[in-house]
1. Relative contact order for segment 66-297 using alpha-carbon pairs under 8 Å, separation at least 6, rounded to a whole percent?
2. Using 0.36 nm times the number of residues separating residue 148 and residue 79, minus their current alpha carbon distance, what extension gain do you get?
3. Work out, step by step, the length gained on full extension between residue 205 and residue 137: first 0.36 nm times the residue separation, then minus their alpha carbon distance; give nm to one decimal.
4. What label, among [x] 66; [y] 61; [z] 55, belongs to percent of Cα pairs over 24 Å apart computed from the structure on display?
5. How would you rank 85, 148, going from fewest to most other Cβ atoms within 10 Å of each one's own Cβ?
6. Rank 22, 177, 224 by mean-square fluctuation in a GNM of the chain with C-alpha springs under 10 angstrom and give only the top-ranked residue.
7. Taking the chain as a Gaussian network, where each spring joins two C-alpha atoms under 10 Å apart, which residue of 62, 176, 142 fluctuates the most?
8. Give, as ranges by residue number, the residues of segment 167-181 whose backbone N falls under 14 Å from the point 7 Å along Cα→Cβ of residue 130.
């Protein structure tokens, strides 16, 4: 390893240059896709016989019924799911980092890893089996005589509040935040903790002023990643959401699969709207979370 570093210093090569082929490739695919979507949103798709139509598709998007409600609904679901996932994930990571029982650590780490690798669709089917009105929990309560019919069980899936969607996101977000935050917290040596205890700090103070500051970067980027993903995800809201109130990502997909090529520019325009809203929302969320964690240390 030292020979490689010496070689890089000798020829004045920054390590980032070694990643440039991959970065360029990703940039071509990502920005190329964005440019192509932008062009198609303007109605210019020559292969389908459509040519430049200006911003007509964008006007149609903002004239749609409840479009702003869908945007707020999407951001709300993503925000609530992310905050709950981050809070529980960080708490689990802190408890795991301070666990002294090796067997318990192995079990908890493997459970987090399992939760991380399980597909979203598998979690979705688990939620349907467990939390629907004809699912396991409803039947269990019925057999226990807590409810007299399945209709008395609260509607947790296909509901306007998006509870089923958020449950799926939370169950997948907790392992992601928890596992990565644990790896950061586990690098904090016991010496820091011993010094803090010597100075009279209790566990709550140690958590706030030692573990959170040293893990802040990991908490921020993991939380921002899942927030961005939840905001743009369409399959979970599409399969678990309400019919009369959809997230904007679900509306994009529904519009795209409709018959008629004239709907494609509108779908692409909605894609661009989702992209802009996503970038703004993610930026605001990252800024507020960073400020909060900085204030949390004091």
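1. Values: 250 pairs, mean separation 66.2, N = 232.
About 29 percent, as a whole number.
2. Net length gain for the segment: 21.3 nm.
3. Contour length minus Cα-Cα distance gives 20.5 nm.
4. Label of the calculated value: [x].
5. 148, 85
6. 22
7. Maximum fluctuation in the GNM of the chain, among the listed residues, is at 142.
8. 167-175, by backbone N distance to the label point.
Every number here is computed from the coordinates shown, using simple stated rules; none is lab data. Keep in mind that this is a model prediction, so the values were computed, not measured. Neighbour counts are summed over all protein chains in view; Cβ atoms, including those assigned to glycine, are modelled from backbone coordinates with ideal geometry.
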